[in-house]
Amino acid sequence: MTLWGGRFSQKLDDLAWALNSSLPVDQRMALQDVEGSIAWADAIHKAGILSDEEHASIALGLDTVRKEFASGEFVFQPSDEDIHTAVERRLSELIGVAAGKLHTGRSRNDQVATDFRLWMLQAIPELTSAFTNLQSALVEQAELAGETIMPGYTHLQRAQPILLGHWWLSHYWALKRDVERLNDLTKRVSVLPLGSGALAGAPFALDRNALAKNLGFAEVSQNSLDAVSDRDFAAEYLFVCSMASVHLSKLAEQIVLYTTAEFGFFELSDAFSTGSSLMPQKKNPDVFELTRGKAGTMIGLLTGLMSTLKGLPSTYDKDLQEDKAPVFQATDTLLSILPVMAAALQTLTVKADRMRSAIDSTMMATDLADYLVEKGVPFREAHSLAGKVVRAAGEGKVRMEELPLEAYQVISPVFEADVYQVFDPLESINKRNTVGGTSLQSVKNQIKKIKGE
Ligand code: ARG
C-alpha cells in the first residue's frame with residue numbers, strides 16, 4: 001500500500017521504489033510518529049473532522065500500534081514506504097476504514113518534520129547526560145591530580161609548568177560549551193510544524209497551540225512554507241555534534257601522544273587498550289584514535305547536510321529525506337564514544353614522575369623575567385636579560401639554576417641570591433593565581449564553581 005496512487009496507471013518500478021523508500025532510516029521515529037498521530041487525531045476530532053466514535057477507534061488503534069512498537073512485535077511489510085505509511089497501514093488493519101480519516105489535512109511533509117523534531121527533543125537529554133558523565137570523569141581526575149605538575153605546551157614545545165588538574169579541566173570547559181549549545185538548540189527544535197499541511201496550511205479550524213501543548217512543543221511555526229522545509233535545527237544539531245567531536249578529538253590526540261613511550265605521562269588500563277596481531281609488545285590507544293578519526297566523519301555529516309540544503313527551492317523537496325541519516329549517525333557516534341572515553345579516562349594511570357621530569361628550568365624563564373620586573377626592570381628589558389641567562393646556561397651546558405650568582409650578575413646586577421627561587425615549578429604555578437590561572441587555588445575554585453559550591 002502507498003499513501004498515493006489514484007492518479008497512476010502503473011505501479012512504481014521496483015528499483016525506484018527501493019530508492020524512494022526511507023523506512024530503513026525513519027523507522028527509528030516509530031514512537032514519535034504514533035505520538036504525533038494520536039495528537040493529530042485529537043486535533044481533528046476537536047475541529048469536527050472525526051466523530052467521537054471514529055476518534056475513539058483511531059486512538060485505541062494507535063495505542064495498540066504503539067504497544068506493538070514498544071514490545072518489538074510490530075511487523076513491517078515490504079510495501080511500507082516509510083514509517084508514516086507503516087503506521088497507517090497497521091492502523092487500517094486494526095480498525096478498518098476509519099483509519100483512512102486520520103490523514104485528513106495532514107501531509108507527510110508536516111508529519112515528518114514533526115516526528116523528526118520530537119525525536120531530537122528526546123535525543124538532546126540523552127546526549128547531555130552522556131556528556132555530563134564524561135565531564136564528571138574529567139573533574140574526578142582533576143581532583144585526584146592535586147599538586148601534580150606537568151609541562152604546558154604551545155606549538156607542542158615546552159612552555160610553562162601547569163597543574164595536571166588545570167589541564168583536565170580545560171577539556172571540561174570545552175564540553176560545557178557543547179552541552180550549553182545543545183540545550184540552547186532545544187528552543188529552535190521545540191517548534192511545531194504539524195498543521196502546515198503539504199505547504200500551505202490546514203483547511204479547517206485547528207487549534208495548533210493546543211496541538212503543540214499536547215505534543216510538548218514550546219511554540220507553533222508561523223509560516224507553513226518555512227515550517228515544512230526548515231531543517232536548520234538538524235544542521236545546528238550536526239554542528240554541535242561536530243564541534244563536540246572536535247573537542248573530543250583534541251583530548252584524544254593528547255591521550256594518544258601522552259601514552260607514547262616518548263612522553264609516558266599516562267598509561268591506559270588494559271581494558272581500554274588494544275594489541276597488535278603482529279607485535280606482541282604493543283598496547284595501542286585505539287579508542288582514542290577512533291575518537292580522533294570519527295571527528296572527521298562527523299564534520300562530513302554536517303557539511304553533507306548543509307550541501308543538501310543549499311539552493312533547495314521552497315518548500316518540501318525529497319532531498320530533505322537525506323536529513324535523518326546524518327543526525328542519527330552523529331547521535332550514535334557520540335553515544336558510543338562518550339561512555340568509553342569516560343571509562344578510559346577514569347581508569348588511566350597518571351605517571352606523575354614522568355610529567356615532573358619533563359619540566360626543565362628553561363620553562364621558568366618567564367618567571368625569571370617576572371623576577372626582574374618585580375625589582376623594577378621594564379618587562380622588555382627583563383625578557384632580554386632572562387633570554388641571556390637561557391643562552392649562558394645553554395653555552396655552559398648547565399641548567400639555569402646551576403649557573404653561579406656571579407654569572408647572573410654579569411648579565412644584570414639586579415639579580416640577587418634569591419633568584420634561585422624562581423626555578424621551583426610549583427612556585428611558578430601558584431603565582432598564576434588570577435581567575436582562570438593554573439594555581440592550585442584557581443583549580444580548586446574552578447572545581448567549586450563546577451560543583452556549584
Ligand atoms: N520520507 C519522507 C522524508 O523523510 C517523508 C515525507 C515525504 N513527503 C513526500 N511528499 N513524499 O522526508
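Taken together, the values in this text are just the output of simple stated rules run on the coordinates, not laboratory data. Source: prediction; values computed, not measured. Backbone-built Cβ (ideal geometry, glycine too); neighbour counts: all protein chains shown.
Annotations
- Karplus-derived HN-Hα couplings along segment 45-57 (A = 6.51, B = -1.76, C = 1.60, θ = phi - 60°), whole Hz, x at Gly and Pro: 5, 4, 7, x, 7, 10, 6, 4, 5, 4, 4, 4, 5
- About the Cα centre, charge dipole magnitude for segment 192-267 (Lys/Arg +1, Asp/Glu -1 at Cβ), debye: 300
- Other-chain or far-sequence residues with amide H under 5 Å of T274's (modelled H): N284, D286
- For the chain: rounded, prolate or oblate by the Cα gyration tensor [a/c cutoff 1.5]: prolate
- Shape call, segment 211-367: gyration tensor on alpha carbons, a/c limit 1.5: prolate
- Extreme residue, positive dipole direction of the chain, given options S357, M298, P413 (C-beta unit charges): P413
- Dividing the radius of gyration of the alpha carbons in segment 342-453 by their Kirkwood radius gives 1.09 for Rg/Rh.
- Qualifying chymotrypsin sites (Phe, Trp or Tyr not before Pro) for segment 1-105 [loop in DSSP, other Cβ within 10 Å: at most 12]: W4, F8
- Against the chain, whose longest principal axis comes from its Cα atoms, helix 286-309 is set at around 50 degrees.
- Rounded, prolate or oblate (a/c below 1.5 giving rounded, otherwise prolate when a/b exceeds b/c) for segment 69-108 by Cα gyration tensor: prolate
- Charge-dipole axis of segment 204-295 as Lys and Arg at +1 and Asp and Glu at -1 on Cβ define it, positive-most pick from N214, F288, S269: S269
- Euclidean distance of C-alpha centroids, segment 183-259 and segment 1-48, integer Å: 21
- Working from Cα pairs under 8 Å separated by at least six residues, relative contact order for segment 48-165 is 16 percent.
- Lys/Arg +1, Asp/Glu -1 at C-beta; segment 10-60 dipole; positive extreme among A30, L60, H45: A30
- Size of electric dipole in the chain: Cβ of Lys, Arg +1 and of Asp, Glu -1, about Cα centre, debye, nearest 20: 540
- Tilt relative to the chain, helix 365-374 - C-alpha long axis, 0 to 90 degrees, to 10: 70
- Filtered trypsin sites (Lys or Arg not before Pro), segment 81-179: DSSP coil and at most 14 other beta carbons within 10 Å: none
- Cα centre as origin, Lys/Arg/Asp/Glu Cβ charges: segment 258-302 dipole, Debye: 140
- The phi torsions of segment 181-197, fed into the Karplus equation with coefficients 6.51, -1.76 and 1.60 and a -60° offset, translate into couplings of 4, 4, 7, 5, 4, 3, 5, 8, 7, 7, 10, 7, x, 4, x, 8, x Hz, rounded to whole numbers, with Gly and Pro shown as x.
- Electrostatic bookkeeping for A392 treats Lys and Arg as +1 and Asp and Glu as -1; over the other residues with beta carbon under 13 Å from its beta carbon, the sum is 0.
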